[in-house]
Amino acid sequence: MTNPFEIIETRLSSIESLLIDLQNTSPQEAATPAPELLTVQEAAEFLKLTVPTIYTKVSRCELPVMKRSKRLYFDRGELTNYVKAGRKLTNSEAEAEAEKHLR
């Protein structure tokens, strides 16, 4: 029959080694950063728009948004991608795209 104290000692050693591994792990490996969530007012400031314009764009499904109860939240990264998606091509980029499609 196995000694219960040996079982406890084995488990404690296992837990201790896991804790040491966690301490030695770099913060980047430990967890991915949580998205930075913005309120309606913060999103309006970020996009340089008015709060009513933000609500209009949300109602038209033009902005990526998360809703929790009656509150709206915006991911800063998704808003950045939204702005970048509206980028116009330069003349040389447009010509390159046209050539690519003609081939």
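The values are calculated or read from the model by the stated rules, or taken from the named source; none is laboratory data. A quick note: this is a predicted structure, and the numbers were derived from the prediction, not measured. Counting neighbours? That spans all protein chains shown, and the Cβs are built from the backbone with ideal geometry, glycine included. Surface accessibility is based on the protein's heavy atoms, side chains included, excluding ligands, DNA and RNA. Shrake-Rupley method; radii C 1.70, N 1.55, O 1.52, S 1.80 Å.
In table form, for the structure just shown:
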{"item": "Solvent accessible area, Å² - Lys100, 1.4 Å probe, full protein context", "result": "140"}
{"item": "Rough spin-label spacing in nm, given labels placed 7 Å along Cα→Cβ, for Ile7 and Gln41", "result": "5.8"}
{"item": "With all protein chains modelled, accessible area of Ile15 [1.4 Å, Å²]", "result": "90"}
{"item": "Exceeding the 24 Å Cα-Cα cut-off - candidates Lys57/Lys88; Lys48/Lys100; Lys57/Lys100", "result": "Lys48/Lys100; Lys57/Lys100"}
{"item": "Anisotropy class of the stretch 58-103 from Cα gyration tensor, a/c 1.5 cut", "result": "prolate"}
{"item": "Set of aspartates and glutamates with alpha-carbon distance to Lys84 below 15 Å, sequence-local pairs under 8 removed", "result": "Glu62, Asp75"}
{"item": "Local electrostatic count at Leu63 - Lys and Arg +1, Asp and Glu -1, tallied over other residues with Cβ under 9 Å", "result": "0"}
{"item": "Net length gained if the chain between Ala85 and Met66 were fully extended (0.36 nm per residue, minus Cα distance)", "result": "4.9 nm"}
{"item": "Space enclosed by the convex hull of the alpha-carbon atoms of the chain, per residue, Å³", "result": "285"}
